[in-house]
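Report on the following structure.
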Amino acid sequence: MKPFQYARARTLVDAAQITAKDDAIPIAGGTNLLDLMKLQVETPDELADINRIGFGEIEDSDDGGLSIGALATNTATAVHLRVRSDYPVLARAILAGATQQLRNKATTGGNLCQRTRCYYFTNIDQPCNKREPGSGCGAIDGIAKLHAVLGTSSQCIATYPGDMAVALSALDAQVKIATPQGGERTVPVRDFHCLPGDTPWRENVLETGEIITAVTLPPPVSGTQIYRKVRERSSYAFALVSVAAIIELKDGKFSRADLAFGGLAHKPWHDPRITEALVGQVPSSELFDRAADILLEDARGFGENDFKIPLARRTLHAVLEQATEDAA
C-alpha cells in the first residue's frame, strides 16, 4: 500500500478543506476504499477521516419523510423502526448486500460512492479506462459475466455494485451535498450517478471538496414494496439483476409503479416510461412483457453477459406478479 497522510476532520469545514486538495479522499467506514488502496487502485496522498463531523442521525423530516445522515451505518438504517415500517424496500435492499460486519461499518454516503467491482478495474495489470483513462476497456472483449447491458459505451461496461441505491432510486430519494463554499445543493438519487460515456472515471456528480451530508426520503406511500435480488449464490454476492419496486393497485389496475434496477448498468437504472406503461392498466402477462420491452429496448450483451437480458425480463415479470398477488 502506498504511504499516505491521515487527518482527522472535526467539522464539515475541516473535511471540505482537506478533500479540496489534490489526491485527498474522505474516509468513513472504508469498506470499499481500503480494499482499493490495498490493491493500489486508489493511491491517495491523504485521507480525511470524517467520522467525527456529525451527520450520523436518522430523523423525521418536516414533510413527514425521513432524513438519513450520511454517516449513519447501513445496520442502523436497516433496523430503524421507520425504515422497516414505512420504507421496507430500503431495509430489504441493505440486508441483501454484504455481511453484517461490513454493514456495521459501511455508511450511507460511502455506500452511494462505492466503486465498481469490475475485474479489470481492480487489477492494475489490466487495461481500464475508469482507472487509467485511455488504456482501454478490457471487459468489452474479455470476462464480462457481471457487466452492464444498459447505458454502456465504447469506453466502459462496468456496473454499479450496490443494493441500497437501487431502493433509494425507486423511492425517489434526494442526496444533500455540502459544497466547499459553505452552501448546500440537493440532487435526486436518480441523477447522482453518471453513465460512462466518454468519461467513465467520473462516477457521480460530486465536485472536488463536496461531501454528502444526508439522504432524504419522501413521505411514505401505500402499496407493496419489493426488493428482489438475483445472484449466483444466496449470500455475499453482487446482483446479476435486482429490482426495487413500490407497487399499488386500485380497482384492479396499477395506480403506482415505481421501479429501479440494479446489476444492469453503471448506475441504478430507472426508466419513467415503465411507470407510464403500467399505471392505469390491468395486470397481465402481456403488460409485463411490454414493460420489459421498454426496459430492454437498448440492451446489449457482450457475450458472457448476454444471459442478463432474458434474466432481467423474467425478474421483472416475477416482481410484478408478486405485487399483483400481494394486492389481491
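Cut-off 10 angstrom, C-alpha nodes, Gaussian network model of the chain. Which of ALA318, ALA245, ALA148 fluctuates the most?
Of ALA318, ALA245, ALA148, the most mobile in the Gaussian network model is ALA318.
Of TYR227, TYR236, TYR160, which has the largest mean-square fluctuation in a 10 Å C-alpha GNM of the chain?
TYR236
Most mobile of ARG231, ARG185, ARG82 per a Gaussian network model of the chain (Cα springs, under 10 Å)?
Comparing ARG231, ARG185, ARG82 in the GNM, the peak value goes to ARG185.
Put +1 on the Cβ of every Lys and Arg and -1 on every Asp and Glu Cβ in the chain; which of THR107, GLY183, LEU278 then has its Cα farthest towards the positive end of the dipole?
My answer, from the dipole projection, is THR107.
Counting only protein chains, not ligands or nucleic acids, how are CYS156, CYS137 ordered by accessible area (probe 1.4 Å), most first?
The most accessible residue leads, giving CYS137, CYS156.
Given the protein chains as shown and a 1.4 Å probe, how many square angstrom of LEU249 are accessible, to the nearest 10?
Probe radius 1.4 Å; accessible area of LEU249 about 40 Å².
Of the labelled options (1) 19.6; (2) 20.3; (3) 21.3, which one gives Kirkwood radius over Cα pairs in Å as computed for this structure?
The value matching this structure is (2).
As a test of reading the structure, rank GLU325, GLU297 by solvent-accessible area (1.4 Å probe, protein chains only), most first.
GLU325, GLU297
Length gain on complete extension for the stretch THR179 to GLU321, per 0.36 nm per residue less the alpha carbon to alpha carbon distance?
Separation in residues times 0.36 nm, less the Cα-Cα distance, equals 46.8 nm.
Show SER153, SER85 ordered by accessible area, largest first, where the area counts protein heavy atoms only and the probe is 1.4 Å. Mind showing how you got there, number by number?
Numbers: SER153 25, SER85 80 Å².
If we order SER153, SER85 from most to least accessible, we get SER85, SER153.
Quick one: which of LYS105/LYS308; LYS176/LYS267; LYS145/LYS267; LYS2/LYS38 span more than 20 angstrom between C-alpha atoms?
LYS105/LYS308
Full-extension gain between SER222 and GLN5, please, as 0.36 nm times their residue separation minus the C-alpha to C-alpha distance.
Going from the current span to full extension adds 73.2 nm.
The values are calculated or read from the model by the stated rules, or taken from the named source; none is laboratory data. Bear in mind the structure is a predicted one, so any value in this text is a computation, not a measurement. Counting neighbours? That spans all protein chains shown, and the Cβs are built from the backbone with ideal geometry, glycine included. The accessibility values were calculated without ligands, DNA or RNA, using every heavy atom of the protein model including side chains. Shrake-Rupley method; radii C 1.70, N 1.55, O 1.52, S 1.80 Å.
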